[in-house]
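The values are calculated or read from the model by the stated rules, or taken from the named source; none is laboratory data. A quick note: this is a predicted structure, and the numbers were derived from the prediction, not measured. Here the Cβ is made from the backbone with ideal geometry for all residues, glycine too, and neighbour counts use every protein chain on show.
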Amino acid sequence: MAKAADSTARRNLPTLSFEMLGQLQDHSLERPPSSLRTAPETILQLGWGKFMRGFVPDFVQLANADGRYNGRILAVQRKADERSEAATRQDTLYTLILRGIQCDRQMEVKRIIGSVSRVLVADRDWDKVKVAAGKRETRVILSNATETGLALDPMDDLESQPPHSFPGKLTQLLLERWRTTGGEDADVAVIPTELIENNGQIVHGLVIKQAQAWRLGAEFLDWVQSSVHVASTLVDRIVVGTPRPELLASECEILGYQDDLLTCCEPYYLFAIQADEFTRQHFPMHVASPNVRFVDDLVAYRRRKLRLLNGPQMVLATLGSLLDLRLVYQAVEDPQVGPFNLETLWNEIIPAMGPEEAITNSDYARECLQRIANRTIEHRLQGIRVDLTTKNAIRLFPSIRDFMTLRGEMPRRLLLTLAATLAVVLEGGLQDAHADYILKRWSARDSASRESLLAFTRDVLARLSISTKEALDLERITPEVTDLLLLIQKEDLRAVLARHWPTKAEQVRE
């Protein structure tokens, strides 16, 4: 009944559109500059999920408002759904709400984003997407495939409309650009935002492999090498997307209009880009957003962000999932999970980074903890859980490996998180690229044989290590992870935490 009431209430509000922008009474609500309505489409964005709505369009709008950039984004999503329908209804306008702590003060900004010109659906509008890729005005292609999406699909061919894989799509679009322009004045910057190391090199390599598999010829490959300027990046902003229906209804009521694409995020952002001069020239978002940074080396940025922000997030999400928690801040405030996460960060993750940048790492870690604990946005564990095994391998394996190297001992809290990862998968229902393998491998074990159980854990961790190229000393950690997994299944997670990692309050009670 509550959802029906929320839906009815929002239907009674006018729908966000260009026509109604001038009627808005709230002068604190930031509106897009009028110049955006006629700005050319200069950026092709492959991805229209919550993160992409809360990230680059914000910077593009601010650069246009600053008067030092003139261009809009054409966004592409894979299949038609409520997002593409809402974009049509709303003239591709949507509200970005930024809430959180900045400079030790609680802040809120509400900004109507108008920097996205239109949304095309790849499965339906692929010919239109290719036309856009062929236009010389399009100078930037952005991407946001998942960590597991950067792989060729052998079923793709040159006639696929569209190819299933991201590399297949990108290669087709580049080929269309090369053919349409004859390769003249057709240079284009490709800026991937996937959270993997050397994402630019990986994407460039996949395009070359796809072109070779499709036998596209030496001339096209030469053009890809010389005229496709692929950057490597690191992105950082917590974007939680559209609130659940009852909260969305409340937000729309306050705004005075219906916005089914309303997107919530934190004010903090970092977009570090390692790129050549062409990319800097055609993607100058740093002019109005100072934390869009062109840098010579991403290593320190990536290492710090993945370990000190994403590492604790994964501990919270993994343990919180086993305890049926729904939001990140609920895990932060949980009397067992919260202290466990802090101890993992300060006693295992930061020590694994070595003493060289201890002060910088500690300061950044405190900032990350403040961001993670943000109660003003609903950061759902469900979103973090997608591809949980790959994320944990990328974000936790390096800390485990380096802690063991530096300390000569095992980081048992991080190993418990690995065991909890397997326990989450074994519960079923997880959207994860490795879930089917893990479930089948578990069903084939001999539960009465310790060697069989050890082989299960070793095989799964080895698979994750190979797929993410994050090596671990499997012989040393396999027995510990196996025993912790069995302990979780036997006693449940809360009992394991209480017995092996008691909080100070629990120690007092004992």
Residue in region 270-290 that is in the same structural domain as residue 411 (by TED's automatic domain parsing) and without any contact (Cβ under 8 Å) to a residue 24 or more places away in the chain present: no
Residue list for region 324-351, filter: part of a loop (DSSP other than H, G, I, E, B) and more than 24 Å from residue 266 (Cβ to Cβ): 324, 335, 336
Only one of 200, 168, 241, 182 that is of a type outside the set (Phe, Trp, Tyr) and surrounded by fewer than 19 Cβ atoms within 10 Å (Cβ to Cβ): 182
Single residue of 173, 158 found to be touching a residue at least 60 places away in the same chain (Cβ under 8 Å) and out of contact with any Asp or Glu (no Cβ under 6 Å at 6 or more places or on another chain): 173
Residue match in region 263-274 (condition: part of a loop (DSSP other than H, G, I, E, B), over 18 Å from residue 375 (Cβ atoms) and among the small types (Gly, Ala, Ser)): no
Residues of region 129-138 classified as exposed (fewer than 15 other Cβ atoms within 10 Å of the Cβ) and within 17 Å of residue 168 (Cα to Cα), total: 1
Qualifying residues in region 339-351 (those that are without any contact (Cβ under 8 Å) to a residue 60 or more places away in the chain and crowded, with 19+ Cβ neighbours inside 10 Å) - the one farthest from residue 388 (Cα to Cα): 350
Every residue from region 311-328 that is surrounded by fewer than 19 Cβ atoms within 10 Å (Cβ to Cβ) and farther than 19 Å from residue 496 by Cβ: 326, 327
Helices (runs of 4 or more DSSP H) lying entirely in region 443-510 (those with 3 or more residues that are touching a Lys or Arg at 6+ places or on another chain (Cβ under 9 Å), under 19 Å from residue 423 (Cβ atoms) and modelled with pLDDT under 95): none
Residue tally, condition under 30 Å from residue 138 (Cβ atoms) and of a type in the set (Ser, Thr, Tyr), over region 237-267: 2
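Out of 299, 287, I need the residue that is within 30 Å of residue 185 (Cβ to Cβ) and surrounded by fewer than 16 Cβ atoms within 10 Å (Cβ to Cβ). Which one?
287
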